[in-house]
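Note sheet for the following structure.
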Amino acid sequence: VNIGRRIIEQESRAITVFALARLAESRDFETGGHLRRVSQYCRVLAEYLRCYDIYEGQVDADFVRMVAETSPLHDIGKVAIPDFILRKPGPLTPDEFNVMKTHTLQGAAALSETAAEFPNARFLQMAHEIALYHHEKFNGSGYPFGLAGDEIPLAARIVALADAYDAITSKRSYKAAIDPDRARSLIVSDSGTHFDPRVVAAFLAMEDEF
């Protein structure tokens with residue numbers, strides 16, 4: 001009975017999280033399917049990372065499930081971004097990009113309030129970390145805080161690659177989709193700068209699954 005109840009709770013949570021994430025996606029006409037793809041990419045990467053001894057005790061079945069479930073909330077803060085920026089059919093100006101970057105803080109703030117009410121809800125803590133840190137870069141050149149290396153939570157490092165890969169391989173109004181071979185080259189070239197090398201290694205090992 002307890003196992004069945006837990007499964008139902010997990011499924012209900014996943015459905016609720018995805019429904020909330022669609023609020024942000026619904027305002028961006030060009031991201032259809034993005035949330036589902038990123039979720040599956042994250043699951044594949046996290047599953048592979050379980051084989052690393054360094055992550056023993058950290059990356060387990062619960063971690064894999066949670067990163068897949070909560071990754072759709074990475075851009076939830078975009079609900080606070082004005083339409084003229086979010087839906088602009090072309091590159092953003094520096095000022096517009098500065099506004100766009102605040103979606104990390106906006107999303108984290110909303111999730112932080114909820115997490116404070118439910119301090120034992122690990123998935124809310126992970127969702128907060130992902131929303132806040134998924135645009136940090138491994139070499140410290142990302143935003144909003146310029147964190148580097150292991151200062152960036154592992155879940156956010158996983159989402160960073162999954163999110164970037166989907167953006168690279170998807171068509172936008174201001175760019176064509178890039179083929180998987182070229183996308184691989186771009187990901188590899190950013191290993192150690194944008195992306196965690198271990199996450200890149202997981203991507204290369206599981207590229208066929210992608």
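The values are calculated or read from the model by the stated rules, or taken from the named source; none is laboratory data. All figures in this text were calculated on a predicted structure; none of them were measured in a lab. With ideal geometry, Cβ positions are generated from the backbone for all residues, glycine too; neighbour counts draw on all protein chains shown. Accessible surface areas use protein heavy atoms only, side chains included; no ligands, DNA or RNA. Shrake-Rupley method; radii C 1.70, N 1.55, O 1.52, S 1.80 Å.
Would you check if Lys175 is more than 22 Å from Arg43 (Cβ to Cβ), touching a residue at least 40 places away in the same chain (Cβ under 8 Å), of a type in the set (Lys, Arg) and open to solvent by 30 Å² or more (accessible area, probe 1.4 Å)?
Working: more than 22 Å from Arg43 (Cβ to Cβ): yes; touching a residue at least 40 places away in the same chain (Cβ under 8 Å): no; of a type in the set (Lys, Arg): yes; open to solvent by 30 Å² or more (accessible area, probe 1.4 Å): yes.
Criteria not met by Lys175.
Listed here are the residues, each with its yes/no results for (1) on the phi < 0 side of the Ramachandran plot; (2) in a helix (DSSP H, G or I).
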residue	(1), (2)
Gly140	no, no
Ala167	yes, yes
Ala177	yes, no
Arg198	yes, yes
Phe203	yes, yes
Phe210	yes, no
Report summary line: Of the residues in region 28-79, those that are part of a helix (DSSP H, G or I) and either open to solvent by 50 Å² or more (accessible area, probe 1.4 Å) or on the phi > 0 side of the Ramachandran plot (or both) come to Arg36, Arg37, Gln40, Arg43, Glu47, Tyr48, Asp53, Ile54, Ala61, Val79
**Report entry** Hits in region 117-151 (condition: of a type in the set (Lys, Arg) and surrounded by 16 or more Cβ atoms within 10 Å (Cβ to Cβ))
**Finding:** Lys137
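Being surrounded by 23 or more Cβ atoms within 10 Å (Cβ to Cβ) and either farther than 14 Å from Ala46 by Cβ or touching a Pro at 6+ places or on another chain (Cβ under 7 Å) (or both) is true for just one of Thr169, Thr114, Thr104. Which residue is that?
Unique residue meeting the criteria: Thr104.
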Requested in this report: Determine which single condition Met100 fails, assuming it passes every other condition in (1) without any contact (Cβ under 8 Å) to a residue 60 or more places away in the chain; (2) closer than 22 Å to Arg65 by Cα; (3) of a type outside the set (D, E, K, R); (4) part of a helix (DSSP H, G or I).
Outcome: (2)
Query raised in the report: Among the residues of region 59-111 satisfying the criterion of being of a type in the set (Val, Ile, Thr) and out of contact with any helix residue (DSSP H, G or I) (no Cβ under 6 Å at 6 or more places or on another chain), which is nearest to Ala127 (Cα to Cα)?
Result: Thr102
